[in-house]
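See below for the structure under consideration.
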Amino acid sequence: MTARIGVVTFPGTLDDRDTQRAVRVAGAEAVPLWHRDKDLKQVDAVVLPGGFSYGDYLRAGAISRFSPVMESVIEQAKAGMPVLGICNGFQVLTESHLLPGAMLKNNHLHFICRDQKLRVETADTAWTADYAAGQEISVPLKNIDGRYVADERTLDMLEAEGRVVFRYLDVNPNGSLRDIAGVSNAAGNVVGLMPHPEHAVEPLVGTGGTDGLGFFTSILKKLVNV
């Protein structure tokens, strides 16, 4: 049976088609999910892709968090369904309190678009099992509200529990505390990160490499082995 991975589209989402393609390249079935529909169409996992949902009004991800589809995503995530939030999707996950912390404007107050080097801090999540802890990868980064922040107690907790999934290497592009590029929930089924792995799955486009493909092959293997 082919694994079915849902990709949510909100008003203002930019990278849903790219994410659907990444899912297909990995060998799974991409299932489009509309923000107004609570029905998740019996998918096995969900990706919240990047973009500027609802124009980032109020705060990035603040309005999308209340979309009907998110009621189902939140419920299923708490029950163990794998969920990945990329860029704006990461912002939606923090606004939904599925992940701790918050996203603020980049410390330089400019939009940034570049290839970004990352270090994989843990392979013990549903979305990173095909990587090795300490592995260095390069994927595109593009954001203006990408600065990850949390209070010291939360940051210490994330570090102690191994829930910092990725860190920026060489340069911190947005002022994120402790160079954090991505985090997970305690169970490891929900992961959010600012860089865009869906833009690094084929040699022809994006970085010209496939460093982001591991996100999608990781979840496929987990679902197939369940």
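Before moving on, here are some points about what is shown:
- Within the range 130-143, being over 16 Å from the mean Cα position of the chain (by Cα) and either of a type outside the set (D, E, K, R) or open to solvent by less than 20 Å² (accessible area, probe 1.4 Å) (or both) holds for ALA132, ALA133, GLY134, GLN135.
- Once the range 12-62 is narrowed to residues that are polar (S, T, N, Q) and at pLDDT 95 or above, the residue that is nearest to ILE144 (Cα to Cα) is THR13.
- Those residues of the range 12-45 which are of a type in the set (Val, Ile, Thr), closer than 17 Å to THR217 by Cβ and crowded, with 21+ Cβ neighbours inside 10 Å, in sequence order: THR19, VAL23
- Any hit, the range 196-207, residues being among the polar types (S, T, N, Q) and modelled with pLDDT of 95 or more: no
- Condition met for ASP151 (under 26 Å from ASP56 (Cβ atoms) and within 18 Å of the chain's Cα centre (by Cα)): no
- Some residue of the range 111-118 being touching a strand residue (DSSP E or B) at 6+ places or on another chain (Cβ under 7 Å), in contact (Cβ under 8 Å) with a residue 12 or more places away in the chain and surrounded by 23 or more Cβ atoms within 10 Å (Cβ to Cβ): yes
- Any hit, the range 1-11, residues being in contact with a Ser or Thr (Cβ under 7 Å, 6 or more places away or on another chain) and open to solvent by 20 Å² or more (accessible area, probe 1.4 Å): yes
- Residues of the range 194-219 that are surrounded by fewer than 19 Cβ atoms within 10 Å (Cβ to Cβ) and touching a Leu at 6+ places or on another chain (Cβ under 9 Å): GLU202 alone.
- Among the residues of the range 86-107, the ones that are of a type outside the set (S, T, N, Q), more than 16 Å from ILE63 (Cα to Cα) and surrounded by fewer than 24 Cβ atoms within 10 Å (Cβ to Cβ) come to 3 in all.
The values are calculated or read from the model by the stated rules, or taken from the named source; none is laboratory data. Predicted model only: the values in this text are computed from it and were never measured. Virtual Cβ from ideal backbone geometry, glycine too; neighbours counted across all protein chains shown. Side chains are part of the model used for accessible areas, which takes the heavy atoms of the whole protein and leaves out ligands, DNA and RNA. Shrake-Rupley method; radii C 1.70, N 1.55, O 1.52, S 1.80 Å.
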